[in-house]
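S.K.: Got a structure here, written out as C-alpha coordinates. Questions coming.
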Amino acid sequence: PNADRFPKFDLSEKEKAAGQSLVALYDIYAKQVQHAPETIKRWRPKIRQFEAFIAPTPWHLATRKEVVAWHDALLEEPIKPITLRDVHFAANKALYS
(Lines give C-alpha, C1' and ligand atoms only; values in the text may rest on other atoms or scores of the structure.)
Protein backbone atom coordinates (compact mmCIF):
# COMPACT_ATOMS: atom_id res chain seq x y z
CA PRO A 1 0.00 0.00 0.00
CA ASN A 2 2.93 2.39 0.56
CA ALA A 3 4.62 1.63 -2.77
CA ASP A 4 2.88 4.56 -4.45
CA ARG A 5 4.86 6.94 -2.24
CA PHE A 6 8.06 6.17 -4.14
CA PRO A 7 8.93 7.18 -7.69
CA LYS A 8 9.09 4.49 -10.34
CA PHE A 9 12.57 2.96 -10.51
CA ASP A 10 14.24 3.40 -13.88
CA LEU A 11 17.81 2.60 -14.84
CA SER A 12 19.90 5.49 -16.08
CA GLU A 13 21.26 5.40 -19.62
CA LYS A 14 24.72 4.54 -18.28
CA GLU A 15 23.37 1.65 -16.25
CA LYS A 16 21.45 0.34 -19.25
CA ALA A 17 24.55 0.59 -21.42
CA ALA A 18 26.71 -1.17 -18.83
CA GLY A 19 24.54 -4.24 -19.19
CA GLN A 20 25.25 -4.56 -22.92
CA SER A 21 28.32 -5.83 -24.69
CA LEU A 22 30.70 -3.35 -26.23
CA VAL A 23 29.95 -4.78 -29.67
CA ALA A 24 26.21 -4.29 -29.17
CA LEU A 25 26.85 -0.67 -28.19
CA TYR A 26 29.01 -0.22 -31.26
CA ASP A 27 26.18 -1.47 -33.46
CA ILE A 28 23.90 1.19 -31.95
CA TYR A 29 26.60 3.86 -32.30
CA ALA A 30 27.39 2.92 -35.91
CA LYS A 31 23.72 3.23 -36.82
CA GLN A 32 23.45 6.64 -35.11
CA VAL A 33 26.49 8.13 -36.84
CA GLN A 34 25.73 6.26 -40.08
CA HIS A 35 29.06 4.51 -40.44
CA ALA A 36 29.81 3.17 -43.88
CA PRO A 37 29.60 -0.62 -44.20
CA GLU A 38 33.38 -0.71 -44.78
CA THR A 39 34.00 1.09 -41.49
CA ILE A 40 31.71 -1.27 -39.62
CA LYS A 41 33.44 -4.26 -41.22
CA ARG A 42 36.83 -2.92 -40.14
CA TRP A 43 36.03 -1.52 -36.68
CA ARG A 44 33.62 -4.12 -35.28
CA PRO A 45 36.24 -6.91 -35.02
CA LYS A 46 38.65 -4.55 -33.27
CA ILE A 47 36.04 -3.67 -30.68
CA ARG A 48 35.26 -7.35 -30.20
CA GLN A 49 38.99 -8.05 -29.87
CA PHE A 50 39.40 -5.41 -27.16
CA GLU A 51 36.38 -6.68 -25.25
CA ALA A 52 37.75 -10.23 -25.40
CA PHE A 53 41.19 -9.03 -24.27
CA ILE A 54 39.91 -7.31 -21.13
CA ALA A 55 37.50 -10.15 -20.23
CA PRO A 56 36.31 -10.96 -17.64
CA THR A 57 36.46 -7.25 -16.77
CA PRO A 58 33.28 -5.52 -18.01
CA TRP A 59 34.02 -2.93 -20.69
CA HIS A 60 32.84 -0.03 -18.53
CA LEU A 61 35.33 -0.94 -15.80
CA ALA A 62 38.37 -1.23 -18.09
CA THR A 63 41.41 0.57 -16.73
CA ARG A 64 44.21 2.43 -18.42
CA LYS A 65 46.49 -0.45 -17.42
CA GLU A 66 44.36 -2.88 -19.46
CA VAL A 67 44.39 -0.58 -22.48
CA VAL A 68 48.17 -0.29 -22.30
CA ALA A 69 48.44 -4.09 -21.98
CA TRP A 70 46.27 -4.48 -25.10
CA HIS A 71 48.44 -1.98 -26.93
CA ASP A 72 51.59 -3.86 -25.95
CA ALA A 73 50.07 -7.19 -27.00
CA LEU A 74 49.12 -5.74 -30.39
CA LEU A 75 52.66 -4.45 -30.91
CA GLU A 76 53.88 -8.04 -30.70
CA GLU A 77 51.78 -8.87 -33.77
CA PRO A 78 52.80 -7.83 -37.28
CA ILE A 79 50.68 -4.66 -37.24
CA LYS A 80 51.86 -1.32 -38.52
CA PRO A 81 51.73 1.43 -35.88
CA ILE A 82 49.51 3.57 -38.11
CA THR A 83 46.98 0.71 -38.36
CA LEU A 84 47.11 0.32 -34.62
CA ARG A 85 46.35 4.01 -34.17
CA ASP A 86 43.88 4.55 -37.02
CA VAL A 87 41.89 1.33 -36.69
CA HIS A 88 42.30 -0.48 -33.37
CA PHE A 89 42.42 2.55 -31.13
CA ALA A 90 40.30 4.85 -33.27
CA ALA A 91 37.38 2.41 -33.11
CA ASN A 92 37.49 2.04 -29.36
CA LYS A 93 38.20 5.71 -28.71
CA ALA A 94 35.21 6.77 -30.78
CA LEU A 95 32.94 4.36 -28.96
CA TYR A 96 34.17 5.26 -25.48
CA SER A 97 33.92 8.96 -26.27
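The values are calculated or read from the model by the stated rules, or taken from the named source; none is laboratory data. Treat the numbers as computed from the prediction; the structure is a model and nothing was measured. Neighbour counts run over all protein chains shown; Cβ positions are idealised from the backbone, glycine included. Keep in mind that these areas ignore ligands, DNA and RNA; they rest on the heavy atoms of the full protein, side chains included. Shrake-Rupley method; radii C 1.70, N 1.55, O 1.52, S 1.80 Å.
S.K.: Pull up the stretch 63-96, narrow it to residues that are open to solvent by 90 Å² or more (accessible area, probe 1.4 Å) and either touching a residue at least 12 places away in the same chain (Cβ under 8 Å) or not in a helix (DSSP H, G or I) (or both), then point me to the one that is farthest from Arg42 (Cα to Cα).
M.R.: Among those that are open to solvent by 90 Å² or more (accessible area, probe 1.4 Å) and either touching a residue at least 12 places away in the same chain (Cβ under 8 Å) or not in a helix (DSSP H, G or I) (or both), it is Glu76.
S.K.: Filter the stretch 31-45 for residues that are hydrophobic (A, V, I, L, M, F, W, C), assigned to a helix (DSSP H, G or I) and over 12 Å from the mean Cα position of the chain (by Cα) and give the result. It would help to see each step written out before you state the result.
M.R.: Kept after step one, since they are hydrophobic (A, V, I, L, M, F, W, C), are these residues of the stretch 31-45: 33, 36, 40, 43.
Add one more test, that the residue is assigned to a helix (DSSP H, G or I), and what stays is 33, 40, 43.
Those that are hydrophobic (A, V, I, L, M, F, W, C), assigned to a helix (DSSP H, G or I) and over 12 Å from the mean Cα position of the chain (by Cα): Val33, Ile40.
S.K.: Show the residue pairs that are 6+ apart or on different chains and have beta-carbon atoms under 6 Å apart, the first residue being within the stretch 36-47 and farther than 15 Å from Leu95 by Cα, the second being in a helix (DSSP H, G or I) and open to solvent by 40 Å² or more (accessible area, probe 1.4 Å).
M.R.: none
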